[in-house]
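Here is the structure we will look at.
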Amino acid sequence: MSQVVARMAGGVSDIPAAAWDACAGDDNPFVSHAFLSALEDSGSATARTGWQPVPIVIDGDDGLPAAILPAYAKSHSQGEYVFDHAWADAFERAGGRYYPKLQVAVPFSPVPGPRLLLRDPALAPALIAAAEAAAAQHDLSSVHATFVAPEQVPLFEAAGWLIRADRQFHWENAGYADFDGFLGALASRKRKAIRKERAAARDGLDFVHLSGADIKEAHWDAFWAFYQDTGARKWGRPYLTRAFFSLLGERMGERVILMLALRDGRPIAGALNLLGRDTLYGRYWGAVEEVPFLHFELCYYQAIDAAIARGLDRVEAGAQGEHKLARGYLPTATYSAHFITDPGFRRAVADFLTHERAAVADDIEGLADYAPYRRG
């Protein structure tokens, strides 16, 4: 193999959209140029917020990017959803310096997807090696690739990175004709419970699904209020700026499904979803009025409705949430990969991950026993 040269770009926006997307593909909207550049250009993911974009690029013989690593120099561990605060604390108590670190991720998005963006798949090992070299050259403690697509995990493992497991809850479409078809697959008690929840949540409300040009700035204004309320309660301050949502609508509105609950024509709650090739991804939600079960209706049941109507294979409704299980979302493993530069710290982390992976596997197996689907 001839010598491979990698470079670190100044940001996603430094790379032409067509060249980026030729590497990223069109399966997963979160690694698209449109989504990542909207985070950057809106001031959401920048050096000021502790997410300095530093994508690593390997150019092909044609002079265009053939492999890209969506990387960020991080000065904290916020907005990642794979929690390494305990690692940082332990390393610094031992006299090390954990930050800055390199994060290979989609900021603020716990969505599994490709982290090696490859127009030329043969460059995967070189791209991983480039991340390791960047850590050495810039005196970084570690590199973390989070929410790695399962098919790419072996590439990191082969390079000697440490693999971490966690779990989310995803809904799988078994070829249902409609929501009632899905309900028919559930045990009677679970089916009745969901019907009661939907009736309570929908009482007195109307629901609309908006995409593309149908999403106006007034809709984004309403959703921004919902998002701020949720963000303030969960994180202390919202990660995303108001400008991000306008840019999202401008740059990839056709892949957005904005679901709104209306009372007398006024939006009182909303859920933002993105369309992949075969998956509906639920991301943000919020409300300015308390309505029983409205969160479940907008984020889980409306998403199932939309996925069935579009013939999609699954719904991924975000991180955590055992409450999703009773609503037809099943436990699914997620993965991250970690390169630790200090040998002693690496050994300690490797030992921790061995035990954690076993615990996660047991958790997934145990939770699956409580799935609401009819048996036999």
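Residues are listed down the side, and each one gets a yes or a no for (1) free of Cβ contacts under 8 Å to residues at least 60 places away in the same chain; (2) among the aliphatic types (A, V, I, L, M):
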site: A6; (1), (2): no, yes
site: A9; (1), (2): yes, yes
site: A66; (1), (2): yes, yes
site: D84; (1), (2): no, no
site: A94; (1), (2): no, yes
site: Q103; (1), (2): yes, no
site: R119; (1), (2): no, no
Note: among A218, A225, just one is assigned to a helix (DSSP H, G or I), of a type in the set (A, V, I, L, M), closer than 29 Å to G253 by Cα and without any contact (Cβ under 8 Å) to a residue 12 or more places away in the chain, namely A218
Under 6 Å by Cβ, and 6 or more places apart or on different chains, what pairs join a residue from the range 242-257 that is over 14 Å from L274 (Cβ atoms) with one that is of a type outside the set (A, V, I, L, M)?
R242/W224; A243/S42; S246/W220
Would you mind telling me which numbered condition in (1) in a loop (DSSP other than H, G, I, E, B); (2) free of Cβ contacts under 8 Å to residues at least 60 places away in the same chain A271 fails?
(1)
Selected residue [part of a loop (DSSP other than H, G, I, E, B), in contact with a strand residue (DSSP E or B) (Cβ under 6 Å, 6 or more places away or on another chain) and either closer than 18 Å to A317 by Cα or open to solvent by less than 10 Å² (accessible area, probe 1.4 Å) (or both)] from V111, V143, V106:
V111
How about the range 286-295: which of its residues are open to solvent by 50 Å² or more (accessible area, probe 1.4 Å) and closer than 15 Å to D229 by Cα?
V288, E289, E290, H295
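Against the condition out of contact with any strand residue (DSSP E or B) (no Cβ under 8 Å at 6 or more places or on another chain) and closer than 17 Å to I257 by Cβ, how does Y301 come out, does it pass? Working first, answer last.
On the way: out of contact with any strand residue (DSSP E or B) (no Cβ under 8 Å at 6 or more places or on another chain): yes; closer than 17 Å to I257 by Cβ: yes.
Criteria met by Y301.
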Scanning the range 330-371 residue by residue, the ones that are open to solvent by 40 Å² or more (accessible area, probe 1.4 Å), at pLDDT 95 or above and aliphatic (A, V, I, L, M) total 5
Against the definition (modelled with pLDDT under 95, open to solvent by 60 Å² or more (accessible area, probe 1.4 Å) and either in contact with a strand residue (DSSP E or B) (Cβ under 6 Å, 6 or more places away or on another chain) or not acidic (D, E) (or both)), how does R374 come out, yes or no?
yes
It is to be established whether one or more residues within the range 267-279 are open to solvent by 20 Å² or more (accessible area, probe 1.4 Å), within 23 Å of Y81 (Cβ to Cβ) and of a type in the set (A, V, I, L, M).
yes
All positions within the range 193-205 that are out of contact with any strand residue (DSSP E or B) (no Cβ under 9 Å at 6 or more places or on another chain), open to solvent by 60 Å² or more (accessible area, probe 1.4 Å) and assigned to a helix (DSSP H, G or I):
R195, K196, A199
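The values are calculated or read from the model by the stated rules, or taken from the named source; none is laboratory data. Please read all numbers here as calculations on a predicted model, not as lab measurements. Please note: Cβ atoms are built from the backbone with ideal geometry, for glycine as well, and neighbour counts cover all protein chains shown. Heavy atoms of the whole protein, side chains included, go into the accessibility calculation; ligands, DNA and RNA do not. Shrake-Rupley method; radii C 1.70, N 1.55, O 1.52, S 1.80 Å.
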